[in-house]
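Participant: This is the structure I have questions about; it appears just below.
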Amino acid sequence: MRSNGRIPLHPTRALDPHLTICPICGDKTNSLVIGHTRKAKLPNGKTVYCTRGQEDSLKRKLVDQGILHSIRDRLEWKQLDEMERVPDPEPCEKCKAEIQKEQNMLIEEVAAGGVYFRCLQCKCQGAFTKESDIAVEVRKQTGKEAPEPVGIKFNTCEEHNNVPLSVNKH
C-alpha cells in the first residue's frame, strides 16, 4: 500500500495500529499508535521506534544526544509484530504523578537553598541540596539567596561525574 502523504501505511496492515506501554514503567496504556512503525537496536542496547519516513529526523536527534556518531550511522530497522506494544509518547498517569512529586521536591529543595543542575550531554537533571559544597558556592558566586531559584549547566558528563548528585532525576 502507498502512504497518503501523512500517515505511512504498512504494506499489508495499512494503518498498522499498535497499543502502547508507558515509556517509564512499562505498564500497559490505552493509547494507540498508527502508521508503519519500525524498531531498531541502538549501539547502547536500547531500542528506538520510528514511523517510516522519520528515520533521518530520529537519527539527527540521536546524534545530538551523543548516541550516534553521525547521521550516516546505519541502524537495522525491523518490523513490529502485529500485536506488539510500543512506547507511548506520554507517561502513564501513575508515572506523571511521580514526576510531579519529584518536581515538587526539587522546587522545595531549591527554595530551601539548593541549586538546580542539568547536564546538556546526558540530559541528567535535578538539584543539589543546600548543604552541598557546590550549592553553597553557586549561591555565593551568583549572589542569589534562597528562595530565589538558581541553577547550573554541565556541558559534558565528565564535569559532573565526581560531584555527588544529592537529589537527582534522569
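Participant: Go through (1) within 20 Å of the chain's Cα centre (by Cα); (2) surrounded by 15 or more Cβ atoms within 10 Å (Cβ to Cβ) for LYS101 and report which single condition fails.
Facilitator: (2)
Participant: Given the criteria of a type outside the set (S, T, N, Q), in contact (Cβ under 8 Å) with a residue 40 or more places away in the chain and surrounded by fewer than 19 Cβ atoms within 10 Å (Cβ to Cβ), does CYS119 qualify?
Facilitator: Numbers: of a type outside the set (S, T, N, Q): yes; in contact (Cβ under 8 Å) with a residue 40 or more places away in the chain: yes; surrounded by fewer than 19 Cβ atoms within 10 Å (Cβ to Cβ): no.
Taking the combined requirement at face value, the residue does not satisfy it.
Participant: Also, quick follow-up: Evaluate segment 48-56: report whether one residue or more is surrounded by 14 or more Cβ atoms within 10 Å (Cβ to Cβ), under 30 Å from ALA97 (Cα atoms), more than 19 Å from the chain's Cα centre (by Cα) and in contact (Cβ under 8 Å) with a residue 40 or more places away in the chain.
Facilitator: Scanning segment 48-56 turns up no residue that is surrounded by 14 or more Cβ atoms within 10 Å (Cβ to Cβ), under 30 Å from ALA97 (Cα atoms), more than 19 Å from the chain's Cα centre (by Cα) and in contact (Cβ under 8 Å) with a residue 40 or more places away in the chain.
Participant: Filter segment 108-126 for residues that are of a type in the set (A, V, I, L, M, F, W, C) and under 13 Å from LYS153 (Cβ atoms) and give the result. Write out each step before concluding.
Facilitator: Going residue by residue through segment 108-126, those that are of a type in the set (A, V, I, L, M, F, W, C) are 110-112, 115, 117, 119-120, 122, 124.
Once the filter is applied, which keeps residues that are of a type in the set (A, V, I, L, M, F, W, C) and under 13 Å from LYS153 (Cβ atoms), segment 108-126 yields VAL115, PHE117, CYS119, LEU120, CYS122, CYS124.
Participant: I'm checking my understanding of the structure. Among residues of segment 21-38 that are more than 17 Å from the chain's Cα centre (by Cα) and surrounded by 18 or more Cβ atoms within 10 Å (Cβ to Cβ), which one is nearest to ILE67 (Cα to Cα)?
Facilitator: That would be ARG38.
Participant: Check segment 60-73 and report whether any residue there is in a loop (DSSP other than H, G, I, E, B) and modelled with pLDDT of 95 or more. Full working, then the answer.
Facilitator: Residues of segment 60-73 in a loop (DSSP other than H, G, I, E, B): 65-73.
Restricting the remaining residues to those that are modelled with pLDDT of 95 or more gives none.
Taking every residue of segment 60-73 in turn, none turns out to be in a loop (DSSP other than H, G, I, E, B) and modelled with pLDDT of 95 or more.
The values are calculated or read from the model by the stated rules, or taken from the named source; none is laboratory data. All values reported here derive from a predicted model rather than from experimental measurement. Glycine also receives a Cβ, built like all others from the backbone with ideal geometry; neighbour counts cover every protein chain displayed.
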